[in-house]
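Below is one structure, written out as structure tokens; comments come after it.
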Amino acid sequence: MATNTSFQLFSSSKDKPSLGLGFLESSEPQLPPPPPSVEVLSSEVSSSVKYTVEPVYLDGLTLLKGRVSTKEVLGLPNSDLVPGIYEGGLKLWEGSLDLVKALRSEIQNGCLSFEGKRVLELGCGHGLPGIFACLESAAEVHFQDFNAEVLQCLTIPNVNANLLEKAKPETVSEVRFFAGDWGEIHQLLPLARESEINLTSSSEHGQASAYDVILMAETIYSISAQRNLYGLIKKCMNQPNGVVYLAGKKHYFGVGGGTRQFLSMLEKEVHNTVVKA
């Protein structure tokens, strides 16, 4: 069944395996209850954690990336993630850099424009793709991460550093920050719906109050979280012309997730929807 809503997928650099996720069992143990969903205000930026900044060069584009200590922020060792407690938001995952490059290429090729668009970055961490959308004149950019501490100590300072450095005063985006689990965060997101609208639905179900572009990088490593992620996308996506840009690896060894597995899940969902219809 044809649909205007689309997923654009980009493989991370050299599609290297695992990114330190190999210590997880593919069976994925029972996780603790997620933290409550909250909106984190820009004024709630942490002043007690050391934040340093350095440039990152992306094929002619220079952005700023922050650096903080996982131990200082969360009291945890410098680990990629602790499932259900810390989902890796303080690490700069290479997929986010690849996503920025891909978005820039899409704009240069006339396939994408952020101007006036409502943008949501899921699993934002440093927020570089969302920051890029701000610099390309998006009307609104909302940043989501699992941990409020990530937003307070890294994302908000990083957004501020980049926008103060580069943003044009006449095209400043409205930015907001939200922390919480993908299964619950739709209750807070201003442009999300309470119920899912399937991505194969016709335009008669479309709503103006939704996100035009959803960005996410390295978000599909966990099979158990993918169902909530997909459900959230369906609640947030502008119908019928919204688009998701996703960067990730084909397979995350030791976990079972990846772009191949995620696409397989989407294809099954579409098939089941068509059959039921």
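In this structure, is L61 over 19 Å from L163 (Cβ atoms), open to solvent by less than 40 Å² (accessible area, probe 1.4 Å) and over 20 Å from the mean Cα position of the chain (by Cα)? Can you show your working first?
Numbers: over 19 Å from L163 (Cβ atoms): no; open to solvent by less than 40 Å² (accessible area, probe 1.4 Å): yes; over 20 Å from the mean Cα position of the chain (by Cα): yes.
So L61 does not fit the description; no.
Filter the stretch 88-136 down to the residues that are part of a loop (DSSP other than H, G, I, E, B) and among the polar types (S, T, N, Q), then identify the one that is nearest to E165 (Cα to Cα).
We begin by selecting, within the stretch 88-136, every residue part of a loop (DSSP other than H, G, I, E, B); these are 88-93, 109-117, 123-127, 136.
If we keep only those that are among the polar types (S, T, N, Q) too, we end up with 109, 113.
On the way: N109: 26, S113: 22 Å.
Once the filter is applied, the top-ranked residue is S113.
Checked against the criteria, L128 does not count as touching a His at 6+ places or on another chain (Cβ under 6 Å), at pLDDT 95 or above and under 19 Å from Y245 (Cβ atoms).
Please work out if A179 is surrounded by 14 or more Cβ atoms within 10 Å (Cβ to Cβ), at pLDDT 85 or above and either over 15 Å from the mean Cα position of the chain (by Cα) or closer than 21 Å to A133 by Cα (or both). It would help to see each step written out before you state the result.
On the way: surrounded by 14 or more Cβ atoms within 10 Å (Cβ to Cβ): yes; at pLDDT 85 or above: yes; either over 15 Å from the mean Cα position of the chain (by Cα) or closer than 21 Å to A133 by Cα (or both): yes.
In short, yes.
When the stretch 216-269 is limited to residues that are in a helix (DSSP H, G or I), modelled with pLDDT of 85 or more and touching a Gly at 6+ places or on another chain (Cβ under 7 Å), the one that is surrounded by the fewest Cβ atoms within 10 Å (Cβ to Cβ) turns out to be N228. Contact map, the stretch 79-92: residues that are under 16 Å from R67 (Cβ atoms) and surrounded by 19 or more Cβ atoms within 10 Å (Cβ to Cβ) paired with residues that are of a type in the set (D, E, K, R) and at pLDDT 85 or above, Cβ distance under 7 Å, separation 6+ or inter-chain. Pairs shown: D80/K91; G89/D145. Of all the criteria given as (1) modelled with pLDDT of 90 or more; (2) in a helix (DSSP H, G or I), the one not satisfied by L189 is (2).
Only residues that are modelled with pLDDT under 85 and of a type in the set (D, E, K, R): list them for the stretch 23-42, please. Can you show your working first?
Keep residues of the stretch 23-42 that are modelled with pLDDT under 85, which gives 23-34.
The answer is E25, E28.
The values are calculated or read from the model by the stated rules, or taken from the named source; none is laboratory data. In this text, all values refer to a predicted model and were calculated from it rather than measured experimentally. Glycine also receives a Cβ, built like all others from the backbone with ideal geometry; neighbour counts cover every protein chain displayed. Calculation scope for accessible area: heavy atoms of the full protein, side chains included, ligands and nucleic acids excluded. Shrake-Rupley method; radii C 1.70, N 1.55, O 1.52, S 1.80 Å.
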